[in-house]
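Take a look at the structure below.
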Amino acid sequence: MPVYELLISGIVALLFTFIFTPRWISHAKRRKLVGADMNKKDKPKVAESGGVAVFLGFIIGLLVLFGFYWFQGRIDRLIYIALAITSLSIVTGIAFWDDITGWKKGMSRWKKPILTFAGAVPLIPFLLGRESISVLGYTLGFPVLLYPLILVPIGFIIATNAVNLLGGFNGLETGMGIVCGLTLLWFSYGTAFFPIILIALASMLAFLWFNKYPSRVFPGDTTTYFIGSLFAFVAVMGYFQSITILILLPYIIEAIIKSREIPYIIRHKKVFKPECFGKVNKDGSLDPPYKKQIWSITHIAIRAIKRIKGKCYENDVTFLLVGLQALWCLFIIYMFG
């Protein structure tokens, strides 16, 4: 595909998100769709659900690319774009609905994972012939229909929801999403998924300008579910399952840490939902929120930074975790790229 078509589609996505995000911020504040910035002393109110700008920029960029493919008669590429729009729209729509109903007031925690199954449904007819996948060079065979009807929906639900578990710090969700997306972009070069990821990255880069410290807008579930469903879509349709699993390893670790909540609830017979935030001190520095207990990778980061620097601030956590993710992804590229 000519480079100028990719550039035009990516620039359109970037510009739309960059222009639309401030307008969304103003609209969200007028509608009281705001949330407290929990890692700051004065807990300022910040616009929520900024992921709607990321998603719309992505969709508009894809539609521009769709137009190029249409005039070129690239039916094979049109199918992937249509599938991406359909699948990601379902998941992002569910997340947006949860966002606008309010933090901790939206859907029940068990409903979102179940509902995100719907995002995998449009992909199933295109996977019915697959009976094996390659994992780190090893081919795994499955009984007929087990992969498309069982494993794909389960994997889609896990990937989509795992990305939502790690966040709560200015720029963290978007920054890690960009690093993971760039890595997947490297491995998808020359495939139909390369332009799809590129357009998503353009939109996320524009949004990061407003989401970086100090954030003017939070990404919300709308962004994290969008990113997770994008990775799940590319992994399933593009045979990038093993690489995607490696890229998402920090999110998998976060899910394992938070899964300890289940025996805690059973043992203490009370609801407990651990958060990623730190405990804010008078000088704005952060301490681990649960004393000796660790309920998130962010809590490990706070402890490590305090040991090295003496004090930990919000931006330190974001830089450390995004930096470690970048190093991990460079290692993946070195080993498998």
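Pairing residues of segment 142-153 that are over 13 Å from residue 123 (Cβ atoms) with residues that are of a type in the set (D, E, K, R) and in a loop (DSSP other than H, G, I, E, B), at Cβ distances under 9 Å and at least 6 apart in sequence or on separate chains, gives 142/130; 142/131; 143/131; 144/131; 145/131; 146/131.
When segment 26-57 is examined, which residues are found to be over 22 Å from residue 274 (Cβ atoms), more than 20 Å from the chain's Cα centre (by Cα) and either part of a strand (DSSP E or B) or of a type in the set (Ser, Thr, Tyr) (or both)? Answer for segment 26-57, where residues must be over 22 Å from residue 274 (Cβ atoms), more than 20 Å from the chain's Cα centre (by Cα) and either part of a strand (DSSP E or B) or of a type in the set (Ser, Thr, Tyr) (or both): 26, 34, 45.
Scanning segment 285-308 for residues that are modelled with pLDDT under 95, at negative phi and basic (Lys, Arg) gives a single hit, 292. Sort out which residues of segment 253-272 are among the aliphatic types (A, V, I, L, M), part of a helix (DSSP H, G or I) and modelled with pLDDT under 95, and write them in order of number. Within segment 253-272, 255, 256, 257, 262, 265, 266 meet the criteria.
Selection within segment 216-230: residues that are crowded, with 24+ Cβ neighbours inside 10 Å and part of a loop (DSSP other than H, G, I, E, B). The member of this set that is nearest to the chain's Cα centre (by Cα) is 219. Scan segment 254-294 for residues that are closer than 24 Å to residue 42 by Cα and not aliphatic (A, V, I, L, M) and report the count. The total comes to 17. Here residue 42 passes the criteria (1) surrounded by fewer than 16 Cβ atoms within 10 Å (Cβ to Cβ); (2) of a type in the set (Asp, Glu); (3) touching a residue at least 24 places away in the same chain (Cβ under 8 Å) except the one numbered (3).
The residues in segment 122-161 that are hydrophobic (A, V, I, L, M, F, W, C) and over 20 Å from the mean Cα position of the chain (by Cα) can be counted, and the count is 15. Residues of segment 205-254 that are within 21 Å of residue 37 (Cα to Cα) and out of contact with any Ser or Thr (no Cβ under 9 Å at 6 or more places or on another chain): 214, 215.
Do you know which residues across segment 1-25 are among the hydrophobic types (A, V, I, L, M, F, W, C), more than 23 Å from residue 216 (Cα to Cα) and in a helix (DSSP H, G or I)? Answer for segment 1-25, where residues must be among the hydrophobic types (A, V, I, L, M, F, W, C), more than 23 Å from residue 216 (Cα to Cα) and in a helix (DSSP H, G or I): 3, 6, 7, 8.
The values are calculated or read from the model by the stated rules, or taken from the named source; none is laboratory data. The shown structure was predicted, so the numbers you read here are calculated from the model rather than taken from an experiment. Note that each Cβ is placed from the backbone with ideal geometry, even for glycine, and that neighbours are counted across all protein chains shown.
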